[in-house]
Amino acid sequence: MAPRPEPKPIAYPTLSVDARSTPESRPEQAALEYNSLQAQEEICKNYVAIRAADPQMERKWTFAQAYSDAGFSGGTLERPALKRLLADIEAGKIDVIVAYKIDRISRSISQFYEVWKHLETHHVDFASATQELNTATSQGKLMLNLLLSFAQYERELIGERTRDKIAAARKNGRWCGGKPILGYDIDKEKNRLVVNEAEARIVRDLFQIYLEEGSLLRALKVVNEKGYRTKQWVTSTGRKNGGHTFDKVTLNRVLLNPAYLGKVRHLDQLYPGQHDAIVAPELFESVRKVLGDHHKPHATTGLDHDYLLRGLVRCGACGRAMTPSSAMGRNQKKYFYYLCTRAIREGASSCPVRRVSAPAVEKLAFDRLRQLVSSETMVAAIVKVAAREAAERSPQLCEERDRLEGELRKRREEAKRLVDAIASGASSAGMLSERLREAEAAIKAVEARIARVSAEAARLQAKSEGPDRVRGALGRFTELWQSVPRKSRAGLMRLLVPP
Ligand SMILES: [Zn+2]
């Protein structure tokens with residue numbers, strides 16, 4: 001067999017400073033970004049140089065090429081250099097990709113997962129120059145596997161395309177599902193709201209009562225005395241829903257719902273709906289003004305804080321869900337909380353806990369999670385998974401190696417025939433030697449593939465070796481966590497701590 005080809009690692013930094021600003025609109029931003037790209041590339045090259053000089057390395061790394069997408073964000077895979085990189089991977093030109101950080105390939109773990117699948121198919125390793133994620137080592141590969149198992153969450157739950165469809169429908173004023181609302185029935189065939197006259201009268205009365213009483217609590221008293229109930233409906237599975245007495249939240253929701261104006265809301269925009277209004281604009285507007293004076297909406301500050309435990313925190317005193325919130329302190333410092341929903345609905349005096357500091361409770365949860373993840377049960381579970389993976393993948397690898405070696409023999413015979421033909425001085429030697437060059441290139445490519453398959457088999461072997469390696473990787477849970485893009489962390493938390 002020919003000597004093993006030198007691996008060809010690739011530095012692949014992409015942007016960037018701020019995905020929202022495009023280089024065209026802000027030249028100084030472009031300059032900044034350029035510098036940052038260069039710096040990232042330098043760091044990747046250094047990373048490669050260190051491995052090239054490391055006498056411990058079984059295979060010396062050499063730098064091949066940089067792929068850099070200036071002006072693109074890691075939020076999309078539609079980037080020219082990235083596409084070129086993927087094509088070069090397919091052509092077998094690359095052994096290792098070195099990225100400045102994992103999110104330079106993609107900000108979304110699920111997208112990164114797509115790229116990673118591609119790398120795996122072609123036996124290409126991935127290393128991050130600033131994170132301990134080098135898949136050429138079994139520990140790094142294990143970390144990456146852990147990370148990627150989180151991708152499942154994102155792919156299954158986020159459903160980008162579904163969201164886009166809903167957005168388009170809303171902009172057309174169509175009803176897009178969700179809970180039925182008081183005052184309307186749902187025409188399932190036409191997917192729109194139709195006025196339910198009896199309920200519509202109640203809705204108008206609710207607005208009137210609030211306007212007369214001027215406060216939610218006083219209005220609530222009247223509303224419940226009159227025996228009004230929230231919307232009642234039967235689900236498709238035959239379950240009865242709603243029909244409760246009103247509380248602050250449900251009444252408030254009615255009074256602020258733009259559907260009663262015949263409109264449909266998408267994000268912060270209102271669009272004309274395909275249904276009829278049941279509340280006069282003047283009435284709606286005057287109620288909204290009074291409410292606006294009293295009512296500051298909660299949970300509108302998600303951008304400032306990640307709220308890792310969104311949907312997971314329960315109030316210790318009353319067992320109700322707690323919801324993200326924030327407040328501005330006297331010194332203009334912003335504070336982040338989880339608020340007890342009972343305190344929101346029934347007033348601050350109804351719950352002794354009321355609110356907890358978000359950073360404090362998140363740290364607590366994170367520490368607990370880290371403990372949990374490095375427990376022996378977890379280690380054992382991971383070793384088991386690794387062993388199973390090895391058992392499944394090893395036969396595939398053997399098969400592929402056999403197939404590749406068969407192909408190699410064929411290519412070599414072809415090359416030999418060509419050499420013989422040239423030697424015998426037969427027809428056009430120029431064309432024959434051209435074909436010989438092609439055959440030799442093909443032989444090299446197949447040999448490179450065989451080397452990669454063998455390397456993967458060796459790694460699988462190492463990974464299923466035992467718990468010590470797993471323990472080592474899990475011990476660096478904090479680091480692993482930091483390599484998860486911020487916007488994915490809350491979802492990851494939900495995956496690890498089911499509500
Ligand atoms: Zn509470």
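Read-outs throughout are calculated quantities, based only on the coordinates presented, and are distinct from any laboratory measurement. The shown structure was predicted, so the numbers you read here are calculated from the model rather than taken from an experiment. FYI the Cβ positions are ideal-geometry reconstructions off the backbone, even for glycines, and counts take in every protein chain you see.
Could I have the simple spin-label model distance between Gln371 and Ala391, label points 7 Å from Cα toward Cβ, reported in nm to one decimal?
Inter-label distance under the simple model: 3.3 nm.
Which pairs break 23 Å Cα to Cα here: Lys179/Lys248; Lys101/Lys333; Lys60/Lys83; Lys221/Lys289; Lys416/Lys444?
With Cα atoms farther than 23 Å apart: Lys101/Lys333; Lys60/Lys83.
Can you sort Leu206, Leu364 so the residue with the fewest Cβ neighbours within 10 Å comes first?
Going from sparsest to densest Cβ surroundings: Leu364, Leu206.
What is the stretch 207-259 by shape, rounded, prolate or oblate, if you read a ≥ b ≥ c off the alpha carbon gyration tensor as root eigenvalues and call it rounded for a/c under 1.5, prolate for a/b larger than b/c, and oblate otherwise?
prolate
For the pair Ala327/Glu42, report the inter-label distance in nm, with labels modelled 7 Å from Cα in the Cβ direction.
4.7 nm
Using the beta-carbon distance between Arg471 and Ala360 and R0 = 22 Å, what value does 1/(1 + (r/R0)^6) give for FRET efficiency, to the nearest 0.05?
The calculated FRET efficiency here is 0.15.
Can you sort Glu213, Glu90 by how many other beta carbons sit within 10 Å, fewest first?
Least to most surrounded, the residues fall as Glu90, Glu213.
If I take R0 = 22 Å and measure r between the Cβ atoms of Glu407 and Glu120 in this structure, what FRET efficiency does the formula 1/(1 + (r/R0)^6) give, to the nearest 0.05?
According to the calculation, E is roughly 0.60.
Can you figure out the FRET efficiency of His244 with Ile422, using R₀ = 60 Å and their beta-carbon distance, to the nearest 0.05?
That pair, His244 with Ile422, gives E of 0.10.
Extending each Cα 7 Å along its Cβ direction at Lys83 and Glu434, get the distance between those two points in nm, one decimal.
3.0 nm
Among Cys351, Cys44, Cys398, Cys318, what is the fewest-to-most ranking by other Cβ atoms within 10 Å?
Ordered by Cβ neighbours within 10 Å, fewest first: Cys398, Cys318, Cys351, Cys44.
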